[in-house]
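To start, the structure itself, in structure tokens.
Every number in this text was worked out from the coordinates using simple rules, so none of it is lab data. Computed from a prediction, not measured in an experiment: that's the story for all the values here. We place every Cβ from the backbone using ideal geometry, glycine too, and count neighbours over all the protein chains shown.
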Amino acid sequence: MKRGRPALGLMKEPVKKSISRQDKKDLKVLADDFGLLHREDIKEIINTCRSYAEGQRKIMGIYEAVYLR
């Protein structure tokens with residue numbers, strides 16, 4: 001029996017962590033409160049973020065870039 005790396009098909013793929021529907025809804029409300037929900041980059045952030053905190057941080061970064069600078 002060979003030792004070393006298992007065959008490619010036998011390796012488990014990592015589970016893609018995504019946020020719950022409620023968290024996505026909350027991020028949409030946050031973006032809408034700041035008037036940013038219509039932006040494509042905000043929609044992409046909401047659909048691809050891995051946690052509520054990450055999404056909130058990115059949305060706030062865009063808000064600061066758009067309205068506070």
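Once the Cα-Cα distance is subtracted from the 0.36 nm per residue extended length, the residue 33 to residue 64 segment shows a gain of 9.8 nm. Approximating the spin labels as points 7 Å out from Cα along Cα→Cβ, the residue 40-to-residue 12 distance works out to 3.8 nm. Residues whose amide H lies under 5 Å from that of residue 37, counting only those 5 or more places away or on a different chain, are 32; hydrogens are built 1.01 Å from N in the peptide plane.
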